[in-house]
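A short worksheet on the structure shown next.
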Amino acid sequence: MRGYPGAAFLDASGRQLGPDPRREPGSGPVTVTLAPGRSAWAGLTFSNPEVSGAEAATPTTLVVTPPDERDPLRVPWTGGKVPVAGNASSVRLTVLAPGTGP
């Protein structure tokens, strides 16, 4: 795999909440080769809407599309409110990396 995944937050009716996450600046895509059963990860970051003052919503689902794929994976979102509009509403994705996280 190479690059960034796609991601979106959805509400209970399947509508997208807020814009697509932006790619984290300063890091370019890398190629990650995975053996069977191995993992890769990408970070998802945003400012706490209660602190930043951004308009917020609570998604029910996070949709993730791996690089170079068209079929997304859907997982329940249990992380609470996310920013969806306003000056501090940017959600960012980091580039794909091997392993299970930092």
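So which residues in the stretch 51-67 are closer than 17 Å to Pro19 by Cβ and not polar (S, T, N, Q)?
Within the stretch 51-67, Ala54, Glu55, Ala56, Ala57, Pro59, Leu62, Val63, Val64 meet the criteria.
Within the stretch 16-36, which residues are assigned to a loop (DSSP other than H, G, I, E, B), open to solvent by 80 Å² or more (accessible area, probe 1.4 Å) and either over 17 Å from Arg74 (Cα atoms) or basic (Lys, Arg) (or both)?
Matches in the stretch 16-36: Pro19, Pro25, Gly26, Thr33, Pro36.
Kindly evaluate Ala12 against the criterion of being of a type in the set (Gly, Ala, Ser), more than 11 Å from the chain's Cα centre (by Cα) and open to solvent by 90 Å² or more (accessible area, probe 1.4 Å).
yes
Name the residue that is farthest from the chain's Cα centre (by Cα), counting only residues in the stretch 37-55 that are open to solvent by less than 40 Å² (accessible area, probe 1.4 Å) and not hydrophobic (A, V, I, L, M, F, W, C).
Out of the qualifying residues, it is Pro49.
The values are calculated or read from the model by the stated rules, or taken from the named source; none is laboratory data. What you see is a predicted model, and the numbers here were worked out from it, not measured in a lab. So basically every Cβ, Gly included, is an ideal-geometry build from the backbone, and we count neighbours across all protein chains shown. With ligands, DNA and RNA removed, areas are computed over all heavy atoms of the protein, side chains included. Shrake-Rupley method; radii C 1.70, N 1.55, O 1.52, S 1.80 Å.
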